[in-house]
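The values are calculated or read from the model by the stated rules, or taken from the named source; none is laboratory data. A quick note: this is a predicted structure, and the numbers were derived from the prediction, not measured. Cβ placement follows ideal geometry from the backbone for every residue including glycine, while neighbour counts extend to all protein chains displayed. When the accessible area is computed, the model is the full protein with side chains, heavy atoms only, and any ligands, DNA or RNA have been set aside. Shrake-Rupley method; radii C 1.70, N 1.55, O 1.52, S 1.80 Å.
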Amino acid sequence: MAETLIATPDDVMIPVTLHCRDGVRLAGHEWPARTGANAGYVIINPATGVQARYYHRYARFLAESGFNVLTYDYRGIGLSRPKDLRGCGYRWREWGEQDFDAALRHVIGARADGPILVVGHSIGGFLPGLSQDAAAIDRMLTMGAQYAWWGDYAARRRLALFWKWHVVMPVATALLGYFPGKRFGWLDDLPAGVANEWSFRGPRFERSHPATEREAVLSRMAAVKAPILAVAMADDELGTLPAIRRTLAYYTSADRRIAHLSPADYGRRAIGHFNLFHDSHRDGFWTDTLAWLKDGRNPWPEKTVGFKRERRSLPHIYRGLRKYP
């Protein structure tokens, strides 16, 4: 995934520091729009254990298409990694409550005009609703957005994935004090709190929070009114339709749509959970995403699975999620 990026007059990325409410500082980059028109400001949220640099080629593409873009590493990852991951105490939930929140506040302060847009990959498509300021988001595009409950993994791979992420990962984390993802060749190293939230989370995300905080978590996510277009690839073993519906069920005030695509739609034999951010998709999938990001127009209407808009009082959110056991 690594690549060497050099800033030139035609390809400029500006280092920025994001300041979280709890005092943690994160490393990121701004990608100024390369055309006169300002199509909006896009925040790219990475998947778990994936460094922001993996998304730099897509960020460059969006900048060339008229967007200002922010990429950043969550705490414990990439350029935001501390010297020693052991004992740092970082948790998955903080990537939304603190890290994305800092990215969103940075964009709110930096933009002159135009909508605030979010592109979220995997957990990055779930996290936005955890920010205190998430109601400021104008539109979201997610790819494989889920929070890795094992019951939603693709049936053909469920046992193997359970062994990998819910047996091997917590054991290795307990032995070393962090998860050595690089050593396994699976993903970037993870703080113990992040790895353990993944390994031991149940079907309901809010139950990883203390009982006294759960209603506030649900309320923040219900406050998001930004339309969401969620992309699900048919061969994605993690971001399955049940997993994506489980994520979208928390965004009860948003207009939610699922585009269920297959690799064959783009002339591929396989795409899976990660491949959509490879630059071989520049003239296909990447170009298609511009319709939604610029105009709110769904580029895959014939592939769309509707997600009925729900307007419910907060106590009913719990019952609504029971549809996704």
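Below, the figures for the structure above:
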read-out	value
Translational diffusion coefficient (Stokes-Einstein; Kirkwood radius from C-alpha pairs) of the stretch 210-275 at 4 °C, 1.567 mPa s, in µm²/s	97 µm²/s
Overall form of the stretch 95-142 per C-alpha gyration tensor (a/c, 1.5; a/b vs b/c)	oblate
Per-residue [θ]222 nm for the chain (sum of -39500 (n - 2.57) over DSSP H runs n ≥ 4, rounded to 500)	-6500 deg cm²/dmol
Residues listed by number, the stretch 56-94, amide nitrogen under 16 Å from Ala216 label point at 7 Å toward C-beta	93-94
Cα gyration tensor, the chain - rounded (a/c under 1.5), prolate or oblate	rounded
The stretch 15-82 versus the stretch 179-205: alpha-carbon centroid distance in Å	22 Å
Accessible area of Asp255 in the full protein assembly, 1.4 Å probe (Å², nearest 10)	50 Å²
Where Glu64, Glu30 fall by accessible area, highest first, once all protein chains stay in place (1.4 Å)	Glu64, Glu30
Point-to-point label distance, Val168-Arg34, nm (Cα→Cβ direction, 7 Å offset)	3.9 nm
The stretch 64-109: trypsin sites (Lys or Arg not before Pro) falling in loop per DSSP and having at most 13 other Cβ within 10 Å	Lys83, Arg86
Stokes-Einstein D for the stretch 24-133, Kirkwood Rh over Cα pairs, 4 °C, 1.567 mPa s (µm²/s)	92 µm²/s
Rel. contact order, % - alpha carbon contacts under 8 angstrom, at least six apart, the stretch 118-216	20 percent
Rg(Cα)/(2.2 N^0.38 Å) for the stretch 191-248, N = residue count	1.33
Cα-Cα separations in the stretch 75-200 greater than 25 Å, expressed as whole percent	32 percent
Cα gyration tensor shape of the stretch 150-213, rounded if a/c is under 1.5, else prolate or oblate by comparing a/b with b/c	oblate
Separation in nanometres of the label points that stand 7 Å from Cα toward Cβ, at Val12 and Phe200	4.8 nm
Label-point separation, Val305 to Ala155 (7 Å along Cα→Cβ), nm	1.3 nm
Pairwise centroid distance, computed over Cα atoms, of the stretch 140-175 with the stretch 276-301, Å	27 Å
For a label point 7 Å along the Cα-to-beta-carbon line of Arg183, residues of the stretch 147-170 with backbone N under 20 Å	163-170
